[in-house]
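J.: Got a structure here, written out as structure tokens. Questions coming.
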């Protein structure tokens, strides 16, 4: 069996460390660039007041604060739900809104998720 082999010259072997170094530099640089948004996002902590975010002293409705407030209200109803569950699973938010969306505190957050007004009492 004749297996073809590549013959390395002294010049090609001397270039190998340079090519490897360049490849590693590119790989680490791309990883650093990809990781940059996560590192930057960690610097800023959202300041929420209820379902609103405080920005320059003004209250603004933002999805992250609404999700945080939804998790808080759901826990007052006895649901064992975390903020990450609501953020990472859109069906969790739908389920919560359809179940407890009648609560007046969630009227804006759950307005598009099929809550049909106050829950009847018997």
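The values are calculated or read from the model by the stated rules, or taken from the named source; none is laboratory data. This structure is a prediction, so every number in the text was calculated from the model and none was measured. Counting neighbours? That spans all protein chains shown, and the Cβs are built from the backbone with ideal geometry, glycine included.
J.: Filter segment 102-112 down to the residues that are over 13 Å from residue 67 (Cβ atoms) and either part of a loop (DSSP other than H, G, I, E, B) or at pLDDT below 85 (or both) and list them by number. Outline the logic, then answer.
T.: Quick first cut of segment 102-112, residues over 13 Å from residue 67 (Cβ atoms) only: 102-105, 107, 111-112.
Once the filter is applied, which keeps residues that are over 13 Å from residue 67 (Cβ atoms) and either part of a loop (DSSP other than H, G, I, E, B) or at pLDDT below 85 (or both), segment 102-112 yields 102, 103, 107, 111, 112.
J.: Residue check, residue 79 against (1) exposed (fewer than 15 other Cβ atoms within 10 Å of the Cβ); (2) touching a helix residue (DSSP H, G or I) at 6+ places or on another chain (Cβ under 9 Å), all met but one. Which one?
T.: (1)
J.: Kindly indicate whether any position in segment 27-44 is modelled with pLDDT of 90 or more and assigned to a loop (DSSP other than H, G, I, E, B).
T.: No, the conditions are met nowhere in segment 27-44.
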